[in-house]
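Chemist: Quick one: structure below, then a few questions.
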Amino acid sequence: MIVARYTAMRLLVFIGFFALGRLLTLNVLWAAVLAAVASMVVSYFLLAPDRERLAAGLERRVEDRMERRRAQIEDERVDEED
């Protein structure tokens, strides 16, 4: 769920800056470039808590998967010794 929220917020920030660029009568390409750069900077600071939660969840899932794999390898090693 946090992935969807983070992605939606990034898109909304980009669209906001793109609309601002178009309101300033910039070319579509330049408005998109402005929106991309500005949204990266703003999202880095504004969405930091969401990004941290996303990273923590991903790290937890990877650690759980590694622990299950270690247990599976240990079980296979015990079976081979028997």
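Chemist: Quick one: pull the percent of accessible area on the chain belonging to carbon and sulfur, 1.4 Å probe, ligands and nucleic acids left out.
Modeler: Details: 4340 of 6680 Å².
Answer for the chain is 65 percent, counting heavy atoms of protein chains only.
Chemist: How large is the charge dipole for the chain, taken about the Cα centre, if only the Cβ atoms of Lys, Arg (+1) and Asp, Glu (-1) carry charge, to the nearest 20 debye?
Modeler: On the way: 12 positive and 13 negative charges, 218 e Å.
Charge dipole of the chain: 1040 debye, to the nearest 20.
Chemist: Could you calculate the FRET efficiency of residue 1 with residue 68 from 1/(1 + (r/R0)^6), where r is the beta carbon distance between them and R0 is 25 Å, rounded to 0.05?
Modeler: Numbers: r = 23 Å, r/R0 = 0.93.
Calculated transfer efficiency: 0.60.
Chemist: Sticking with this structure for a sec: Taking 0.36 nm per residue of sequence separation and subtracting the Cα-Cα distance, how much length would be gained by fully extending the chain between residue 41 and residue 29, in nm to one decimal? Write out the running numbers ahead of the final one.
Modeler: Numbers: separation 12, 0.36 × 12 = 4.32 nm, distance 1.87 nm.
Residue separation times 0.36 nm, minus the Cα-Cα distance, leaves 2.5 nm.
Chemist: Could you compute how much accessible surface residue 7 exposes when probed at 1.4 Å, giving the result in Å² to the nearest 10?
Modeler: Spelled out: residue 7, probe radius 1.4 Å, area about 70 Å².
Chemist: For the chain, what does the accessible surface come to per residue with a 1.4 Å probe? Please give it in Å².
Modeler: Values: 6680 Å² over 82 residues.
Each residue of the chain exposes 81 Å² on average to a 1.4 Å probe.
Chemist: Express in nm, to one decimal, how much length is gained between residue 15 and residue 53 on full extension, taking 0.36 nm for each residue of separation and deducting their alpha carbon distance. Provide the component values of the computation, followed by the final result.
Modeler: Numbers: separation 38, 0.36 × 38 = 13.68 nm, distance 2.37 nm.
Result: 11.3 nm gained on full extension.
Chemist: In whole Å, what three semi-axes, largest first, describe the equivalent ellipsoid of the chain built from its Cα gyration tensor (square root of 5 times each eigenvalue)?
Modeler: 47, 12, 8
The values are calculated or read from the model by the stated rules, or taken from the named source; none is laboratory data. Keep in mind it's a predicted model, so treat the numbers as computed, not measured. Quick reminder, even Gly has a Cβ in these numbers, built from the backbone with ideal geometry, and neighbours come from all protein chains shown. When the accessible area is computed, the model is the full protein with side chains, heavy atoms only, and any ligands, DNA or RNA have been set aside. Shrake-Rupley method; radii C 1.70, N 1.55, O 1.52, S 1.80 Å.
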